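S.K.: Structure below; questions to follow.
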Amino acid sequence: MDECERSHAEIVERIAGAHGIRPETITPLRSMHTGETVGEVATLSAMNIDRAVGAELRIDDGESPVWIRSFHVFSGSFTLIPHFAIEWFGTGDEPTDRVTVLVDLLPRIDLAVNLGYVDEVYGPLQGAYDDVAE
């Protein structure tokens, strides 16, 4: 098992253990050309979320390997809590080589006509954003 596989398995395990989320399936991703395993997708569920999906993919074209990991949480239909998405990817043989991280909170409603939602849901995050921005 290489470092990317261990890291993805550890991420799924830690999230599940820390938040009472049940791992449901772990499915290998296979190359359409060679049939070899190039990553995996894990689905998880819990009481307050519809589904969480973690994915890990490795692409090695012979020049510089690329690895991509993502974690998406889809909140329950009964709540206005935004969906959460985090993706991080890098190039090189080591997981610490060039790394980019994308984080997003995906709103559940049309923000153009529901400005109160912005204040109520995203307002409490302003302090954390200000700390990071400094």
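S.K.: Spin-label point model (7 Å from Cα, Cβ direction): what's the Arg51 to Glu36 distance in nm?
M.R.: For Arg51 paired with Glu36, the spin-label model returns 3.0 nm.
S.K.: I've got another one for you. Which ³J(HN,Hα) values, rounded to whole Hz and listed in residue order, are derived for the range 120-130 from phi using the Karplus coefficients 6.51, -1.76 and 1.60 in 6.51 cos²θ - 1.76 cosθ + 1.60 with θ = phi - 60°, glycine and proline given as x?
M.R.: Calculated HN-Hα couplings, in order: 6, 8, 8, x, x, 8, 4, x, 5, 4, 4 Hz.
S.K.: Please report the carbon-and-sulfur percent of the accessible area for the range 38-134; probe 1.4 Å, protein heavy atoms only, DNA, RNA and ligands left out.
M.R.: Looking at the range 38-134 in its full context, I get 58 percent from C and S.
S.K.: Now for a different question. Please compute the length gained on full extension between Val132 and Ile81, using 0.36 nm multiplied by the number of residues separating them and subtracting their Cα-Cα distance. Walk me through the numbers before you get to the answer.
M.R.: Working: separation 51, 0.36 × 51 = 18.36 nm, distance 2.20 nm.
Result: 16.2 nm gained on full extension.
S.K.: Same structure, new question: Pop the C-beta distance of Arg14 and Asp110 into the FRET formula with R0 = 35 Å and round what comes out to the nearest 0.05.
M.R.: That pair, Arg14 with Asp110, gives E of 0.50.
The values are calculated or read from the model by the stated rules, or taken from the named source; none is laboratory data. Bear in mind the structure is a predicted one, so any value in this text is a computation, not a measurement. With ideal geometry, Cβ positions are generated from the backbone for all residues, glycine too; neighbour counts draw on all protein chains shown. Protein only, heavy atoms only, side chains kept; ligands, DNA and RNA dropped before computing areas. Shrake-Rupley method; radii C 1.70, N 1.55, O 1.52, S 1.80 Å.
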